[in-house]
Amino acid sequence: FMLILVTADNFVQMFVGWEGVGLCSYLLINFWFTRIQANKAAIKAMVVNRIGDFGLALGIFGIFICFGSVDYATVFAFAPQLSSCTLSFLNIEFKAFNLIGFLLFVGAVGKSAQLGLHTWLPDAMEGPTPVSALIHAATMVTAGVFLLARCSPFLEYCPGALIIISLVGGMTAFFAATTALVQNDLKRVIAYSTCSQLGYMIFACGLSNYSVAIFHLANHAFFKAL
């Protein structure tokens, strides 16, 4: 499913991989299914991720309405021409691109455990240690950062969304690092550490430094899996 997510050439195919990764994570966290805590952690991860996925689905729907296509190449090619597209709601005019960029970011917030939807990540430590390494280093949490980097040509026309992305990323980096200092369980410390590092990656995306974000993602995946 991670390969589907990474190699997709359109948003719908990417969404299929995105959902598949979420489903697999639920099954992995619930590996010791006789434990009540593991059951609770798996359900929590599933529910919190569905909130983010709903935002991502709305964002993809918005892209289809604006562009009439969900293909990456088409969307990125027509983004400069359609950047002035506006939506009206309750007689309030706002830029369609900013809204779509924000909705795509909501999907990344759920998957990459950013401030607000971060609560599932420390609880996901109920799974076996190799599962924790897989979820925290390679697959689940990196999907949100990958989404933002993949949509970078589109996000460059969403200045309002980029400001929100950098703010949330910065706050998450600070909040998670501070919370990690007062944890007693070592695995929870590692979970909050991951959350903090993801905050840095999202912050870099918000500043349009996508190469820095992906570089940090690869570095973090390598040393956290050790």
* Asked: Given the Cα-Cα distance of Q37 and T7 and 0.36 nm per residue of separation, how much length would full extension add, in nm?
  -> 7.3 nm
* To do: Would you please give the residues with an amide H less than 5 Å from that of S208, counting only those at least 5 places away or on a separate chain, with H modeled from the backbone geometry?
  => none
* Structure fact -> Quick note on L58, L198, L27, ordering by fewest other C-beta atoms within 10 Å, gives L27, L58, L198
* Asked: Going toward the positive end of the dipole of the range 4-153, with +1 on Lys and Arg Cβ and -1 on Asp and Glu Cβ, which of T119, A143, G22 do you reach last?
  -> T119
* **Relative contact order [Cα under 8 Å, 6+ residues apart], the chain, whole percent** => 19 percent
* What's the long-distance tail for the chain, i.e. % of Cα pairs beyond 28 Å? -> 27 percent
* Structure fact -> For the range 114-226, the Cα convex hull volume per residue in Å³ comes to 84 Å³
* Treat each spin label as a single point 7 Å out from the Cα along the C-beta direction, and report the V16 to A225 distance in nm. => 2.5 nm
* Structure fact -> Low-density loop chymotrypsin sites (Phe, Trp or Tyr not before Pro), the range 1-101, at most 14 other Cβ within 10 Å, DSSP non-H/G/I/E/B, are F31, W32, F33
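No value in this document is a laboratory result; all are computed from the given coordinates. Given the structure is predicted, the values throughout are model-derived calculations rather than measurements. Note: ideal-geometry Cβ built from the backbone for every residue, glycine included; neighbour counts use all protein chains shown.
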